[in-house]
Structure formats: C-alpha cells, structure tokens
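Contents: one structure, followed by commentary.
The values are calculated or read from the model by the stated rules, or taken from the named source; none is laboratory data. Quick caveat: nothing in here was measured; it's all calculated off a predicted structure. Virtual Cβ from ideal backbone geometry, glycine too; neighbours counted across all protein chains shown. Side chains included, ligands, DNA and RNA excluded: accessible areas come from the protein's heavy atoms. Shrake-Rupley method; radii C 1.70, N 1.55, O 1.52, S 1.80 Å.
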Amino acid sequence: MQLYKNQTIKVYNSLSGKKEEFKPINDGHIGMYVCGPTVYSNVHLGNCRTFMSFDMIFRYFKHLGYKVRYVRNITDAGHLVDDADEGEDKIAKKARLEQIEPMEVVQRYTVDFHNTLQKFNFLPPSIEPTATGHIIEQIEIIKEIIEKGFAYEVNGSVYFDVVEFNKTNDYGILSGRKLEDMIANTRELAAQSDKKNPQDFALWKKAEPEHIMRWPSPWGDGFPGWHLECTAMSTKYLGETFDIHGGGMDLKFPHHECEIAQAQASNGSAPVNYWLHANMLTLNGKKMSKSTDNNIYPNEIFSGDNNILSKAFSPSAVRFFMMQAHYTSILDLSNDALLASEKGYLKLMEAITSLKAVETGSKTEFDVAAWQQKCYDAMNDDFNSPILIAHLFEAVKHINLIKDGKETITKEDKELLENTLNTFAFDILGLTGVNEDANGNSEKLEEVVNLLIQLRNDARSNKDFALSDQIRDQLLAIGIQLKDGKDGTTFSAS
Ligand SMILES: [Zn+2]
C-alpha cells in the first residue's frame with residue numbers, strides 16, 4: 001500500500017487564507033506548477049529558498065508514493081523591467097548592455113541556475129518549459145479571452161479588461177484586494193497609454209522596430225505579456241484545473257492574480273485548488289537588494305567570498321539552514337545563523353554515521369515507531385520542516401546515549417531508526433553527507449576503491465604479487481592508502 005493512504009496532509013492555501021486538508025483531483029496523482037526564474041542574471045539566494053521549499057514538498061509527495069508531475073518554467077521572454085507592462089524586456093535589456101544575443105543571455109543564466117540548484121541537491125522538475133517555446137499556446141489563449149469579451153486590442157497590443165472581468169468574476173480573489181480600492185488608489189493613466197483602465201494588463205505587446213525578441217501574431221509582430229506564459233504552460237501540462245500552484249510571496253499580486261483571471265476568462269473555471277507561497281529571505285535583518293549592496297549569491301557562500309561571512313559554507317549546511325525555518329516564515333541569513341546551522345547539520349550527520357556502528361541489545365528505551373509517526377505528522381502539517389528537524393534531534397539525543405552505553409536499542413528498532421533518519425534527512429530534506437557532493441561522489445569513490453581492493457585480493461590469491469603491488473602503489477600515488485588488517489583491507493583518502 002502507498003504511504004500516502006495513511007497520511008493526511010494539511011496545507012496553508014493562500015486562496016482561502018486557511019490550512020486545508022489536501023486532496024488531489026486524481027487519487028495518487030499530483031500536478032504542481034511553480035513559477036521559475038527570469039533568466040537575465042545569476043540566480044538570487046532568495047529565489048533559491050523559494051525553489052528549495054518546493055523541492056522539499058516535491059520530495060515529500062514522491063516519498064509518500066504520489067505520482068507527481070512537477071512543472072517549473074523558465075521565463076526567457078516577456079518579463080518587463082518595471083513589472084507593469086512598461087519598459088524594456090529584462091532579457092533584451094541585458095543583451096543590449098552586453099552586446100550579445102538575447103538567447104545567449106538566456107543560455108548563460110539558465111546554465112547558472114541549473115548548476116546552482118544542482119549544488120543544492122535539487123531534484124529536476126518533471127517538465128521545465130520555456131515561454132518562448134509556448135508562443136503559439138499563448139496566442140491561442142489570447143484569442144479565446146478576446147472572444148469571451150475580456151480583452152481588447154489597441155495599436156497592435158492586447159490588454160486584459162480587468163473592469164469587464166470583475167463584473168462577473170472576482171479580480172482580487174487571491175490577494176484579497178478590491179478593484180474599487182485599486183481604482184481609487186491609482187493616478188490617472190499616462191497620456192500615451194493604450195489601456196482603458198490602469199489596472200488592465202498586457203496579454204500581448206506590440207514590438208517596436210528596435211525590439212529583437214518578436215513573434216508574428218494576429219495583431220502584428222510582438223511578444224507575450226509575462227503573466228500569460230504561466231497560464232499557458234501550467235494548463236497545457238497539468239489541465240484546466242490542477243492541484244498546486246507555488247511561487248514566491250512577491251508573485252501573489254499581480255502575477256498570480258492575473259494568472260487566475262486569464263485562466264478563468266479563457267476556460268471559465270478556477271485554474272488551481274491550492275495556492276502555496278514561500279516567504280522571503282532577508283540578509284542581516286534587511287531586504288536583499290542589489291542596489292544597496294545588501295546582497296549575497298550562492299557561490300559567494302560556497303566559497304566564503306563575501307565580506308559578511310567569516311568562512312565558506314557547504315551547500316548542505318546552507319540547505320539545512322533554510323530547512324530550519326518554515327517555508328511561509330521570513331528567514332534572516334547572517335554569518336552567526338549559518339555558523340549555528342552548520343553546527344546542527346554536522347551534529348545530525350555525525351549521529352547518523354555513528355548509529356551504523358552501535359551495538360544492539362534486547363530492548364529499546366524509546367518508542368521508535370511513535371517517533372517516526374511524529375516525523376510524518378510534522379511534514380503533514382503544512383511541511384513543517386523545523387518541527388521535523390526538532391524530532392530528528394530527539395533521535396540524535398538517544399543515539400548519543402546508546403553510543404555512551406546509557407541506553408540500548410534492539411536490532412529491529414535500530415534498522416527502523418536508521419531508515420527513518422535516512423529518509424527524512426536525505427530523501428525529504430535533501431541534505432547530503434558531509435564532504436559529499438550532490439552526486440554522492442564520496443560514496444561512489446568508496447565503491448570504486450572497494451572494487452580495486454577486491455581485485456587486489458584476487459590477484460594475491462592467484463599469487464600475482466606484481467599486480468597486487470601495482471594496485472596498491474598506484475592508489476597510493478593518487479592519495480589513497482590501503483591498510484591491511486586482520487578484518488580485511490580498509491583505505492583512507494587524502
Ligand atoms: Zn508565473
């Protein structure tokens with residue numbers, strides 16, 4: 001039986017403002033969409049936190065046996081500099097400044113994004129679609145919205161008519177804003193604007209002659225509005241209504257509000273059952289910002305190359321730091337916080353390693369099965385990773401008492417404890433062992449050296465001492481020393 005049948009998950013749904021029992025549309029299957037990065041600069045650590053939260057959620061669903069289709073897009077066109085339908089496309093601007101092709105910008109920062117996430121041990125999403133790969137789908141949705149009477153064309157651009165939509169629908173359903181208040185609080189439209197109302201947003205923008213990123217459409221050459229790509233890609237791969245849509249808190253309005261309006265206007269149904277929003281990461285108590293220099297990139301943490309840090313921190317130590325906060329809480333990064341998290345992470349890893357070697361006895365002094373359920377309960381309660389980590393440390397306490405001979409554990413309980421710790425620390429929180437990279441390379445090294453030890457033993461029993469010495473000497477030459485003892489051969493690597 002699949003594990004999920006025994007676990008009831010509650011999630012905080014931004015749409016209702018409440019924690020709700022999570023029930024997927026199709027039993028055993030989950031569709032999840034998360035807004036991906038706009039690839040015009042190196043990935044921000046705050047964005048890494050958002051994606052890491054959804055990586056943890058993805059990992060937990062998979063562990064429970066759900067078949068998850070996780071779609072996370074790449075925004076490679078349509079995201080304008082001022083986020084409000086005006087200004088240059090962020091990617092086109094970077095391309096102009098660096099005098100390269102927009103697609104070179106996209107390639108460079110997509111590679112950076114993947115490399116960084118790989119260091120943090122992210123699982124790849126099931127589908128990673130791009131905005132430029134779905135222009136036809138976006139045009140089709142625009143046609144649909146125009147036909148339903150919720151969009152209008154002006155001078156080669158198409159705008160979503162928020163006022164018209166709000167007559168029969170609720171624009172503001174997710175963010176809790178009221179259109180009347182938005183109208184009351186906005187200044188008059190700029191004279192050159194084509195919009196009927198300032199709240200209307202672009203579905204299609206006419207490309208000026210100098211604009212490089214352009215596609216033909218029924219309204220002339222142009223490019224899609226930023227909000228539209230997510231509606232096109234989420235509904236294409238997950239259906240008109242799907243289970244979970246995630247993203248950073250800052251995307252709730254206008255981006256996600258507009259996504260709901262577009263899907264509702266074209267399909268006549270709400271696109272998403274559960275909206276999940278991850279909170280932001282601050283640095284030394286202040287909002288991160290490139291302009292004030294209160295900013296740090298993932299690679300600067302891994303190398304220690306930033307003034308606010310006293311040393312370098314491994315990706316797993318940083319991941320552990322992020323997992324120590326609930327994904328809906330603001331998290332503040334500082335050197336002291338990272339040092340404390342690193343200590344906790346190392347303590348957990350040490351306990352997991354030392355558990356392997358402890359002797360077993362005839363009884364266990366703590367209820368391992370009940371402890372295991374507490375770990376599940378923490379994750380079932382809106383993916384409460386800090387509570388889960390507190391439970392993992394309860395196990396660390398017992399492991400250390402067992403190690404010191406002050407408590408005992410049976411063979412069965414030791415196995416259950418070991419499996420549960422491995423599941424939650426590595427499979428669900430996504431940590432890796434100390435000195436181990438995301439590919440588990442230190443583990444692979446061990447397997448390779450053990451294979452060579454085996455071949456050396458075979459050579460010795462065949463009295464081929466030239467070969468056995470060659471294996472030993474050549475391993476030594478690359479820094480791996482074999483030690484022959486009465487229980488066999490071990491090795492150390494330098
Ligand atoms: Zn999006």
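All but one of (1) of a type in the set (A, V, I, L, M, F, W, C); (2) closer than 18 Å to VAL43 by Cβ; (3) surrounded by fewer than 20 Cβ atoms within 10 Å (Cβ to Cβ) hold for ILE91; which doesn't?
(3)
Select from the stretch 411-463 the residues that are of a type outside the set (A, V, I, L, M, F, W, C) and in contact with a Ser or Thr (Cβ under 8 Å, 6 or more places away or on another chain) and list them in ascending order.
Hits for the stretch 411-463 are LYS411, ASP413, LYS414, THR432, GLY433, ASN435, GLU436, GLY440, ARG456, ASN457, ARG460.
Considering only the stretch 404-420, state which residues are in contact (Cβ under 8 Å) with a residue 24 or more places away in the chain and more than 25 Å from ALA493 (Cβ to Cβ).
Of everything in the stretch 404-420, those that are in contact (Cβ under 8 Å) with a residue 24 or more places away in the chain and more than 25 Å from ALA493 (Cβ to Cβ) turn out to be GLU407, THR408, ILE409, THR410, LYS411, ASP413, LYS414, LEU416, LEU417, THR420.
Report the residue count in the stretch 295-305 for those that are without any contact (Cβ under 8 Å) to a residue 40 or more places away in the chain and either outside any loop (DSSP other than H, G, I, E, B) or of a type in the set (Asp, Glu) (or both).
3
Pull up the stretch 109-123, narrow it to residues that are open to solvent by 70 Å² or more (accessible area, probe 1.4 Å) and either in a strand (DSSP E or B) or touching a residue at least 40 places away in the same chain (Cβ under 8 Å) (or both), then point me to the one that is nearest to the ligand (Cβ to nearest atom).
Residues of the stretch 109-123 open to solvent by 70 Å² or more (accessible area, probe 1.4 Å): 114-115, 118-119.
So of that shortlist, the ones also either in a strand (DSSP E or B) or touching a residue at least 40 places away in the same chain (Cβ under 8 Å) (or both) come out as 118-119.
Details: GLN118: 22, LYS119: 24 Å.
This residue is GLN118.
Can you give me the number of residues within the stretch 48-83 that are within 16 Å of the ligand (Cβ to nearest atom), modelled with pLDDT of 95 or more and charged (D, E, K, R)?
So the count comes out to 1.
Evaluate the following for PRO254: is it away from the ligand (no atom under 16 Å from the Cβ) and either in contact with a Cys (Cβ under 8 Å, 6 or more places away or on another chain) or not charged (D, E, K, R) (or both)? Break it down into steps so the answer makes sense when it comes.
Working: away from the ligand (no atom under 16 Å from the Cβ): no; either in contact with a Cys (Cβ under 8 Å, 6 or more places away or on another chain) or not charged (D, E, K, R) (or both): yes.
When the stated conditions are applied, PRO254 does not pass them.
Quick grid of which residues meet (1) touching a helix residue (DSSP H, G or I) at 6+ places or on another chain (Cβ under 8 Å); (2) not β-branched (Val, Ile, Thr):
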{"residue": "TYR70", "(1), (2)": "yes, yes"}
{"residue": "ILE74", "(1), (2)": "yes, no"}
{"residue": "GLN99", "(1), (2)": "no, yes"}
{"residue": "TYR109", "(1), (2)": "no, yes"}
{"residue": "PHE113", "(1), (2)": "no, yes"}
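Results for (1) away from the ligand (no atom under 15 Å from the Cβ); (2) at pLDDT below 90; (3) open to solvent by 30 Å² or more (accessible area, probe 1.4 Å), shown as yes or no for each residue.
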{"site": "ALA191", "(1), (2), (3)": "yes, yes, yes"}
{"site": "LYS196", "(1), (2), (3)": "yes, no, yes"}
{"site": "ILE212", "(1), (2), (3)": "yes, yes, yes"}
{"site": "ASP221", "(1), (2), (3)": "yes, no, yes"}
{"site": "LYS236", "(1), (2), (3)": "no, no, yes"}
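Test VAL71 against the criterion of being touching a Leu at 6+ places or on another chain (Cβ under 9 Å), β-branched (Val, Ile, Thr) and farther than 30 Å from PRO198 by Cα, and give yes or no.
On the way: touching a Leu at 6+ places or on another chain (Cβ under 9 Å): yes; β-branched (Val, Ile, Thr): yes; farther than 30 Å from PRO198 by Cα: yes.
Answer is yes for this residue.
So, of the residues in the stretch 259-294 that are free of Cβ contacts under 8 Å to residues at least 40 places away in the same chain, open to solvent by less than 40 Å² (accessible area, probe 1.4 Å) and not in a strand (DSSP E or B), which turns out to be nearest to PHE150 (Cα to Cα)?
Only one residue tops the list, namely ALA263.
It is to be established whether one or more residues within the stretch 451-467 are part of a strand (DSSP E or B), without any contact (Cβ under 8 Å) to a residue 60 or more places away in the chain, out of contact with any Leu (no Cβ under 9 Å at 6 or more places or on another chain) and loosely packed, with under 12 Cβ neighbours inside 10 Å.
As a first pass, look at the stretch 451-467 and keep what is part of a strand (DSSP E or B): none.
No, the stretch 451-467 contains no residue that is part of a strand (DSSP E or B), without any contact (Cβ under 8 Å) to a residue 60 or more places away in the chain, out of contact with any Leu (no Cβ under 9 Å at 6 or more places or on another chain) and loosely packed, with under 12 Cβ neighbours inside 10 Å.
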